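Trainee: First the structure, then my questions, so here it is.
The values are calculated or read from the model by the stated rules, or taken from the named source; none is laboratory data. These figures come from a predicted structure and were not determined experimentally. Because the Cβ atoms are built from the backbone with ideal geometry, glycine has one as well, and the counts that use them run over all protein chains shown.
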Amino acid sequence: MNQRHILQPLISSAIVASAVAVVSLSATAQTTTTTTRAPTTSTTAVKPKPSSATPQMILEACQRSKARRDKFLQNGTPEQFGSEEPFTFNPSAPGCS
């Protein structure tokens, strides 16, 4: 019975100490450093993200689809999510037909 009364404060203090250590490490990892930057000019505008597909994007999608279909016909196994093999885009290859 006496050992239980001794172990409870030791365990709880160890838990508190480890929580404080984790919080302090996390806080030090989030400290910011100040750097001086040159002022940006208005001539270096950020390009907006494309909102539609370009002809080259469509051609690449067609080539990827054809490569997946050819692999399916060759092996007979359907494609699974995350199983896509490396693909090399050829801009001079014919498009979708």
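Trainee: When you scan the stretch 61-90, how many residues do you find that are exposed (fewer than 12 other Cβ atoms within 10 Å of the Cβ) and over 27 Å from the mean Cα position of the chain (by Cα)?
Mentor: 7
Trainee: Let me ask something else. Within the stretch 36-46, is even one residue surrounded by fewer than 10 Cβ atoms within 10 Å (Cβ to Cβ), assigned to a loop (DSSP other than H, G, I, E, B) and at pLDDT 75 or above?
Mentor: First pass over the stretch 36-46, keeping only residues surrounded by fewer than 10 Cβ atoms within 10 Å (Cβ to Cβ): 36-46.
Narrowing further to those that are assigned to a loop (DSSP other than H, G, I, E, B): 36-46.
Checking which are at pLDDT 75 or above leaves us with 45-46.
Yes - at least one qualifying residue is present in the stretch 36-46.
Trainee: Across the stretch 47-60, which residue is modelled with the highest pLDDT among those that are loosely packed, with under 10 Cβ neighbours inside 10 Å and small (Gly, Ala, Ser)?
Mentor: Filtering the stretch 47-60 for residues loosely packed, with under 10 Cβ neighbours inside 10 Å gives 47-52, 54-55.
Then drop every residue that is not small (Gly, Ala, Ser), which leaves 51-52.
On the way: 51: 85, 52: 89.
Among those that are loosely packed, with under 10 Cβ neighbours inside 10 Å and small (Gly, Ala, Ser), it is 52.
Trainee: How many residues, within the stretch 71-97, are of a type in the set (A, V, I, L, M) and part of a loop (DSSP other than H, G, I, E, B)? Give the derivation first.
Mentor: Start the filter on the stretch 71-97 by keeping residues that are of a type in the set (A, V, I, L, M), which leaves 73, 93.
Still in the running and part of a loop (DSSP other than H, G, I, E, B): 93.
Of the residues in that region, 1 qualify.
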